[in-house]
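Just so it is clear, none of the values below were taken in a lab; they were calculated from the coordinates. Predicted model only: the values in this text are computed from it and were never measured. Glycine gets a Cβ as well: all are built from the backbone with ideal geometry, and neighbour counts include every protein chain shown.
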Amino acid sequence: MDFNGSDTIPGPRTEDQLPHTAQAAVKIVIVGGFGVGKTTMVGSVSEIRPLTTEETMTQAGIGIDDNYGSDSKTATTVAMDFGRISITDKLVLYLFGTPGQERFWFLWNGLFEGALGAVVLVDTRRLEVSFDVMGRLEERGVPFVVAVNTFPDAPRYPVEELRTALDLSPDIPILDCDVRRRASSKDVLMTLTRFLHSLALSGALT
Amino acid sequence: MTPPRRKRRQQDLPPPPPPPGPAGGAKKSGSPERLFTIAGSVDGARAELDLVTLIVARSAPGPAASPEQAAVLRLCAAPLSVAELSAYLQLPFSAMTVLITELIAAELVQARAPIVRQALPDRSLLEAVMHGLQRL
């Protein structure tokens with residue numbers, strides 16, 4: 001990109017700037033299949049217009065995934081939509097949504113490792129697309145809650161039936177939501193944070 | 001009607017590779033990760049940049065700054081995450097970290113490390129997040 005015109009590079013609007021007192025940030029990752037509403041959820045609670053960052057996965061990254069031969073040199077671009085919520089004047093929360101092919105999310109070093117937790121957003125019409133990501137989160141010890149984005153024509157299952165189908169332990173919260181609504185998305189994030197807090201109290205978080 | 005059932009992944013899969021750390025984390029020389037694990041920040045700590053590390057300019061861009069550096073310094077007059085810088089400058093995350101690592105080494109920016117998930121979780125941090133979300 002041409003940086004010589006850097007005076008015109010778009011930056012945050014004045015009202016979107018963080019205060020100088022902002023000392024640290026935390027992140028939460030929202031995962032789920034294509035079209036399930038991850039970006040909508042980020043947008044409904046973010047204080048800034050959602051932005052997109054991307055990473056190019058090249059040989060070095062692909063080599064760590066056992067599904068790929070280390071001689072593969074294909075570069076793949078993985079994009080992340082994200083938003084921001086100021087928690088206090090010192091603490092900022094970032095929300096990352098993960099569009100695109102899920103097998104690449106886990107090649108992005110540090111995306112999940114440092115996250116406080118994750119929201120697995122599911123569509124009951126295509127429940128199976130979330131199976132793989134739940135397994136990967138479990139393997140990495142990333143705590144998560146399951147939020148069912150209630151599309152009007154999607155089948156409705158009782159929570160316990162979903163819990164059995166998803167093979168989740170009784171402590172993992174499962175809740176319905178409508179990610180277009182700020183209050184509903186906020187409720188999902190509150191549920192995740194309460195769950196993380198309960199894990200902290202029980203000392204089960206490793 | 002019952003939903004489809006998830007089958008658990010095989011438990012005997014090899015464990016995921018450890019995240020690259022300062023000590024021997026980069027397996028191949030020339031891998032992009034290495035560029036920011038070898039650079040030291042001003043206080044001598046190693047600069048491990050996360051998507052949500054906050055970057056703050058220490059001074060206005062001087063005449064010696066490259067156009068890329070000047071653009072970063074202008075953008076982070078107020079704290080801004082690496083992810084936001086990457087989005088505004090339309091640079092991939094790893095390219096952004098290389099640029100920021102140079103700026104840290106030149107003492108032109110300060111990096112404020114994120115709070116990451118710990119083995120011993122910080123209850124007061126989670127309580128602060130809950131209170132912050134409640135005000136939304």
Could you derive backbone 3J(HN,Hα) for region A:140-152 from the dihedral phi with the Karplus parameters 6.51, -1.76 and 1.60 (θ = phi - 60°), listing whole Hz in sequence and x where the residue is Gly or Pro? 8, x, 8, x, 8, 10, 10, 10, 9, 6, 7, 6, x
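Using the beta-carbon distance between A:D167 and A:T56 and R0 = 35 Å, what value does 1/(1 + (r/R0)^6) give for FRET efficiency, to the nearest 0.05?
Calculated value: 0.50.
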About its Cα centre, region A:92-206 carries a charge dipole, from +1 on Lys and Arg Cβ atoms and -1 on Asp and Glu Cβ atoms, whose size in debye to the nearest 20 is 400 debye
Over region A:22-202, calculate the relative contact order: mean separation of alpha carbon pairs under 8 Å at least 6 apart, over the residue count, as a percent. 25 percent
Pairwise Lys count, region A:22-202 - Cα closer than 29 Å, eight or more residues apart or different chains: 6
Give me, ordered by chain and number, the residues 5 or more places off A:I87 or on other chains with an amide H under 5 Å from its own placed amide H. A:V92, A:L93
In region B:62-80, which residues have a backbone nitrogen under 19 Å from the label point lying 7 Å from A:K90's Cα in the Cα-to-Cβ direction? B:79-80
Ignore the peptide's own chain and count Cβ atoms of other chains within 10 Å of each Cβ in B:97-103; give me the average, rounded. 0
Check A:D176: other-chain or 5+ apart residues with amide H under 5 Å from its amide H, H built from backbone geometry? A:V148
Two-site FRET efficiency, A:A79 against B:R123, from Cβ-Cβ distance with R₀ of 25 Å, rounded to 0.05: 0.15
Label-point separation, B:Q134 to A:R182 (7 Å along Cα→Cβ), nm: 1.9 nm
Read phi for every residue in region A:19-24 and hand back ³J(HN,Hα) as whole Hz from Karplus 6.51 cos²θ - 1.76 cosθ + 1.60, θ = phi - 60°, with x for Gly and Pro. x, 5, 6, 4, 9, 7
